[in-house]
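Report on one structure; see the data block that follows.
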Amino acid sequence: MALTGIQILKMLPKKNCGECGIPTCLAFAMKVAAGQTEIEECPYVSDEAKATIGEASAPPIRTIKIGTGDAEFTAGGETCLFRHEKRFENQTGIAVLISTDEDAAAIDGKLKRANDFEYERVGVMMRNNLVAIKDAGGGDLAGLAKKVMEAAPKQAIILMSESVDALKAGAEACGANKPLLFGANAENVDAFAALAKDTGCVIGV
C-alpha cells in the first residue's frame with residue numbers, strides 16, 4: 001500500500017537542506033507520495049528508508065508482457081485504480097475469444113474482425129490487442145495457436161486450458177511469441193508454475 005507524505009516524512013532526515021531541489025523535507029515527502037519525484041533524490045535518506053518506501057510504492061501487480069514484436073501487449077505495473085487519481089500507464093486490452101470447438105468459418109470471421117477493429121477514443125487509437133484461445137476439451141489448441149499467429153500476427157495470444165499438456169503444446173507452437181497461460185487452479189498450480197518457468201510465459205489464475 002502506498003505511503004502518505006507524512007509517513008514518508010517520518011523516514012527522512014528532516015534537514016530541510018534543499019539539495020533535492022525542493023525547499024523542505026515535507027514538500028519533498030508530499031511529492032514522493034504523489035509520484036512526482038523519487039526518494040533517491042534525497043542524498044541523506046537511509047538505505048532502509050529507500051527500501052521501505054520503494055516496496056510500499058511498487059505496483060500491486062508487476063508489469064507483464066504477452067507476445068513479442070508487433071504483437072506485444074503490456075499489462076500491470078499500475079499504481080492507481082482510477083484514472084482521476086493519476087493516470088494509467090498501459091492501454092486497456094481488448095480481446096476476442098475463440099474456442100477449439102468452433103468451426104473454421106466462425107474462427108476466420110472473428111480473427112478478421114479482430115484485425116479490422118479500431119477506433120479513436122479521446123485522441124487514443126484503440127484496437128483489438130489479444131486473441132484468447134479456449135480449449136474446449138480434445139481440440140487442437142496448438143494448431144489453433146499457429147492459425148492465429150498466421151492470420152492475426154499483431155495479436156498477442158492467451159491460451160486457456162486446465163490441461164498442462166495442452167498448454168505446453170500451445171506454448172511450444174507459439175515459440176518466441178510468448179502467450180499468457182490461463183487456467184491455473186489449486187490442483188494444478190505447481191505444474192503451471194513449472195511450465196511457466198520452462199517456457200518463460202506468464203500465467204493467469
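The values are calculated or read from the model by the stated rules, or taken from the named source; none is laboratory data. Values in this document were obtained by computation on a predicted structure and should not be read as measured data. Positions of Cβ are generated from backbone atoms using ideal geometry, with glycine treated the same way; all protein chains shown enter the neighbour counts.
Given the residues Leu111, Leu130, Leu141, Leu180, which is the only one that is touching a residue at least 40 places away in the same chain (Cβ under 8 Å), farther than 29 Å from Ile61 by Cα and of a type outside the set (Ser, Thr, Tyr)?
Leu111
Among the residues of segment 30-38, is any at pLDDT below 90 and in the same structural domain as Leu141 (by TED's automatic domain parsing)?
Looking through segment 30-38, none of the residues is at pLDDT below 90 and in the same structural domain as Leu141 (by TED's automatic domain parsing).
Lys154 - would you say it is assigned to a helix (DSSP H, G or I) and among the basic types (Lys, Arg)?
Against the criterion (assigned to a helix (DSSP H, G or I) and among the basic types (Lys, Arg)), Lys154 does not qualify.
So Tyr119 ticks every box in (1) farther than 15 Å from Ala71 by Cα; (2) part of a helix (DSSP H, G or I) but one. Which box is left unticked?
Unmet condition: (2).
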